[in-house]
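Single-structure report; data block below.
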């Protein structure tokens, strides 16, 4: 199977957080750019996309009717002054995971994993998160391909390599 994972600059956050690494990051502040990304994901057998909780109400209606929402819960997060309640979860929209039978472990539609620190890129995902995305999609090393559309710090590639070494 062919899967994709997308972790684009979050809607409304491109110019604010990502121009240091990507001079064109401001285009992700436009919902239409996200619509084009979502449309392009239709070419994969399954996909997952990270987003912020405030953008869920904008991006979810752009998705096919059969998507599901999963959650990354952050037991340790950054607490900002005057932001209460804090943002300590992020939605993941996913579609088309591998079908599993009863003999396989049931994958939860949430993961609890701490944020990354000092990765040099805002929004870098932790190893446990990346492994969970692979599980969520039903990725099988040696059988499947996963395209990381926004490779950032290479965390997803590391998760795939770790699966390869465990196989």
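Values in this text are rule-based calculations from the coordinates and carry no lab data. Just so it is clear, the model here is predicted, and its values are computed rather than measured. Methodologically, a virtual Cβ is constructed for each residue, glycine included, from the backbone with ideal geometry; neighbour enumeration extends over all protein chains shown.
List the relative contact order of the chain as a percent without decimals, with contacts defined as Cα pairs under 8 Å and 6+ residues apart.
That works out to 26 percent.
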With the crude spin-label approximation of a point 7 Å out along Cα→Cβ, what separation in nm comes out for residue 80 versus residue 158? 2.5
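P(r) tail for segment 83-167, what percent of Cα pairs lie past 14 Å?
Tail of P(r) above 14 Å: 69 percent of Cα pairs.
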Label selected from (1) 50, 42, 30; (2) 48, 32, 29; (3) 58, 33, 31, the criterion being Cα extents along the principal axes in Å as computed here: (2)
Tilt, helix 31-40 to longest principal axis of the chain (alpha-carbon atoms), in degrees rounded to tens, equals 10
Taking the alpha-carbon centre of each part, the distance from segment 128-158 to segment 1-80 in Å is 16
In degrees, nearest 10, the alpha-carbon axis of helix 127-137 is tilted away from the dominant principal axis of the alpha carbons of the chain by 60
Quick one: angle between helix 155-166 and the longest Cα principal axis of the chain, in degrees between 0 and 90, rounded to 10, please. 20
Arrange 104, 90 by Cβ neighbour counts within 10 Å, fewest through most, would you? 104, 90
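If packing is taken as the mean number of other Cβ atoms within 10 Å per residue, what is the order of 1-14, 132-145, highest first?
On the way: 1-14: 20.7, 132-145: 17.9.
For the peptides 1-14, 132-145, the packing ranking is 1-14, 132-145.
Compactness ratio of segment 1-89: Cα Rg over 2.2 N^0.38 Å, N = residue count?
Details: Rg = 14.3 Å, N = 89, 2.2 N^0.38 = 12.1 Å.
Normalised by 2.2 N^0.38 Å, the Cα Rg of segment 1-89 equals 1.18.
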Two pseudo-spin positions, 7 Å from Cα along C-beta at residue 65 and at residue 140, lie apart in nanometres by 3.0
Expressed in nanometres to one decimal, the distance between label points 7 Å along Cα→Cβ at residue 88 and residue 26 is 3.6
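Using the count of nearby Cβ atoms within 10 Å as a rough guide to exposure, how do 99, 125, 15 rank from fewest to most? Show your work: numbers first, answer last.
Values: 99 7, 125 24, 15 13.
The fewest-first ordering by Cβ neighbours comes to 99, 15, 125.
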